[in-house]
Amino acid sequence: MSDKSSNQMWGGRFAAGPDAIMEAINASIGFDKRMAAQDIAGSRAHAAMLAAQGIVTPSDADAMREGLLTVLSEIETGQFAFSTALEDIHMNVEARLKEVIGEPAGRLHTGRSRNDQVATDFRLWVRDQLDAAASGLEALMRALLAQAEAGADWVMPGFTHLQTAQPVTWGHHMMAYVEMFARDLSRVQDARRRMNECPLGAAALAGTSFPIDREMTAKALGFDRPMANSLDAVSDRDFALEFLSVASISAMHLSRMAEELVIWSSAQFRFVTLSDRFSTGSSIMPQKKNPDAAELIRAKIGRIFGANVALMTVMKGLPLAYSKDMQEDKEQVFDAADNWMLALAAMEGMVKDMTANTSVLESAASAGFSTATDLADWLVRTLDLPFREAHHVTGSLVAMAEKKGCDLPDLSLGDMQSVHAAITADVFEVLGVHNSVASRTSYGGTAPVRVREQIARWKEALA
C-alpha cells in the first residue's frame, strides 16, 4: 500500500501519519481536564507535605501552592490553553505551573508518580459525585414524601402483572419509591466509606524512598487513611466500578418509575397529569402531551448500564499494577455520572410538579374486582371457611358479577347467598375500596395510618 493511500485511510485528521495517531490515542486531556480541581487539590496537599518533611524548602512549597491556585483560576475562568501534546491534566498543570513560578515547579513531582496522582484525582472526583448523588437522592425522596403525605388517603389500584390486584393508597405507592431510593442512598453512603482511602504516596507501584508522610496528605484531602498496599493503590478501580454499580441500580429504579409515569399519564390511564415543564407537544397532533422527560430518563439508563459493563470489561484482564488500559476508566464514569445526576434532577422535578387525578384513581381502584381478596378474607374470618374454599366461593362470585356486567359490591345479598348461604349483609362492609385499604393495617401495609407512620419516620430520618 502506498503512503498516499495509507494517509487516505487515516483520514484528514491523521494526515501527518503515525505520530498524529499516537498522540490522539495516547492523550486523555480531552476528558480528564474535568479533574483539574481535584488534581490541583492533591498537588497542593503534596507540596505542603514535602515541606513539612523537609524534602523541599518552605519557600518552594509556598510558591507551588500559590502558583497552583493561579493555574486553577485560569482553568475556572476559561483562560487556560490545554495541550494534547502534554497528554493529560497532570502534565498540563505542571507545565503551566513552571511557566508561572519557574524552577520550583520541577520539585512538585518528588515522591510521587502519575500513577498514584491519577488514582488520587479520580477518587476525589468520584467522591464528589457520590456526595452529589446523595443530595439528589435525598431531594427526590423529599418530593416523594410530599406526594405521599398529600395522598395518604387517596385510593388507587395496586397491580401485579399490570393487572388490577388490590386497592392501595397513593401514599403507599409513593412510599414504595421512597424505600427504593433510600436503599440507593445507603449504597452511595456505603460506597463512599469504602473508597475513602488515599493512594497518594504509592508512587509508581512500589512506594518511594523519600521520607513522605502519607497520613498527612490523606488527612489534608479528607480521606480516612492512606491505602495500605502501594500495588493495590495504583491498580485499583473498584471505587469507580462500585460507583457505576450503585448508579446502575439507582438508574434501574428511576427507569421503573419513569415507565409508570409514562403509563399513568397516557390517555388510557389518566392517573396523573405531568406539568408542561416536563412534557412536550407533538409537531402535528395538537391534542398530544408527551412525557418526554420520563422517556428520556428511561433511555439514558442504558448509558449508565453500558458504562458499568464497559469498565468491568476494561479491568477484567489487567495484571498488576498500572496499565494504560486504565485511561479508559474516566470517560465511562463521567458520562454515567452526568446522566445519573440529570435523571435524578428530572425525576425530582416531575414528582414535585405532577398532579394525581384522584377521581380517576378511585374509579380505577373500584374496577376489576379489586376487593375479591377482601371478600375471601371475610369468608375466612367470619364464616371460618378454609382459605381454599373461600377462594373458590369468591371466584364463583366474581364469575357471577362478570356475567352480570357489574362489580362485586353491586351483587345483591341474594346473589351471594346463592353461592354460599351463610353470607350475611355484613360482607358489604369490606367490599368498598376505602374499607379495603383501611383494613390493611399490618406493618408495611397500605392503610393510611401505616402510611403516615412511614412518612413521619422518613421525614425525621431526612431532617
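The values are calculated or read from the model by the stated rules, or taken from the named source; none is laboratory data. Model, not experiment: these values are computed from the prediction. Note that each Cβ is placed from the backbone with ideal geometry, even for glycine, and that neighbours are counted across all protein chains shown. Calculation scope for accessible area: heavy atoms of the full protein, side chains included, ligands and nucleic acids excluded. Shrake-Rupley method; radii C 1.70, N 1.55, O 1.52, S 1.80 Å.
Could you tell me whether residue 93 is under 36 Å from the mean Cα position of the chain (by Cα), aliphatic (A, V, I, L, M) and more than 20 Å from residue 200 (Cα to Cα)? No, not satisfied.
Scanning the stretch 313-347 for residues that are touching a residue at least 40 places away in the same chain (Cβ under 8 Å), more than 24 Å from residue 33 (Cβ to Cβ) and over 18 Å from the mean Cα position of the chain (by Cα) gives 318, 320, 321. Only one of the numbered conditions (1) surrounded by fewer than 16 Cβ atoms within 10 Å (Cβ to Cβ); (2) assigned to a helix (DSSP H, G or I) is not met by residue 266, and that is (2). Scanning the stretch 167-179 for residues that are surrounded by fewer than 20 Cβ atoms within 10 Å (Cβ to Cβ) and in contact (Cβ under 8 Å) with a residue 24 or more places away in the chain returns no hits.
Looking at this structure, is residue 302 within 30 Å of residue 205 (Cα to Cα), under 28 Å from the mean Cα position of the chain (by Cα) and at pLDDT below 95? So residue 302 does not fit the description; no.
The condition (being over 12 Å from the mean Cα position of the chain (by Cα), surrounded by 20 or more Cβ atoms within 10 Å (Cβ to Cβ) and among the hydrophobic types (A, V, I, L, M, F, W, C)) is satisfied by just one residue among 228, 220, 203: 203. The numbered conditions (1) modelled with pLDDT of 90 or more; (2) open to solvent by less than 60 Å² (accessible area, probe 1.4 Å) are all true for residue 457 except (2). For the stretch 1-53, a residue qualifies if it is among the hydroxyl-bearing types (Ser, Thr, Tyr) and at pLDDT 60 or above, and the qualifying residues are 28, 43. When the residues of the stretch 269-281 are filtered to those that are open to solvent by 30 Å² or more (accessible area, probe 1.4 Å) and touching a strand residue (DSSP E or B) at 6+ places or on another chain (Cβ under 7 Å), which remaining residue is modelled with the lowest pLDDT? So the residue we want is 281.
Would you confirm, using the coordinates I've provided, whether residue 139 is of a type in the set (A, V, I, L, M), in the same structural domain as residue 215 (by the TED database), under 34 Å from the mean Cα position of the chain (by Cα) and open to solvent by less than 10 Å² (accessible area, probe 1.4 Å)? Spelling it out, it is not the case that residue 139 is of a type in the set (A, V, I, L, M), in the same structural domain as residue 215 (by the TED database), under 34 Å from the mean Cα position of the chain (by Cα) and open to solvent by less than 10 Å² (accessible area, probe 1.4 Å). Can we say residue 20 is more than 26 Å from residue 128 (Cβ to Cβ) and in contact with a Pro (Cβ under 6 Å, 6 or more places away or on another chain)? Against the criterion (more than 26 Å from residue 128 (Cβ to Cβ) and in contact with a Pro (Cβ under 6 Å, 6 or more places away or on another chain)), residue 20 does not qualify.
For the stretch 96-111, the tally of residues that are over 18 Å from residue 28 (Cβ atoms) and assigned to a loop (DSSP other than H, G, I, E, B) stands at 4. Taking the stretch 419-445 as the range and being surrounded by fewer than 16 Cβ atoms within 10 Å (Cβ to Cβ), assigned to a helix (DSSP H, G or I) and among the small types (Gly, Ala, Ser) as the test, only 425 passes.
Only one of the listed residues (197, 259, 242, 215) is open to solvent by 10 Å² or more (accessible area, probe 1.4 Å) and under 14 Å from the mean Cα position of the chain (by Cα). That residue is 242. Within the stretch 378-418, the set of residues being open to solvent by 40 Å² or more (accessible area, probe 1.4 Å), assigned to a helix (DSSP H, G or I) and charged (D, E, K, R) comprises 381, 388, 389, 402, 403, 404, 410. When the residues of the stretch 288-337 are filtered to those that are hydroxyl-bearing (Ser, Thr, Tyr) and surrounded by fewer than 15 Cβ atoms within 10 Å (Cβ to Cβ), the one that is farthest from residue 260 (Cα to Cα) is 323. Restricting attention to the stretch 64-82, the residues that are among the small types (Gly, Ala, Ser), over 25 Å from residue 49 (Cβ atoms) and surrounded by 13 or more Cβ atoms within 10 Å (Cβ to Cβ) total 0.
List the pairs whose first member sits in the stretch 186-206 and is closer than 10 Å to residue 242 by Cα and in contact (Cβ under 8 Å) with a residue 40 or more places away in the chain, whose second member is buried (at least 19 other Cβ atoms within 10 Å of the Cβ) and not β-branched (Val, Ile, Thr), and whose Cβ atoms are under 6 Å apart, counting only residues at least 6 apart or on separate chains? Partner pairs satisfying both residue conditions: 188/130; 188/133; 191/242; 192/130; 195/239.
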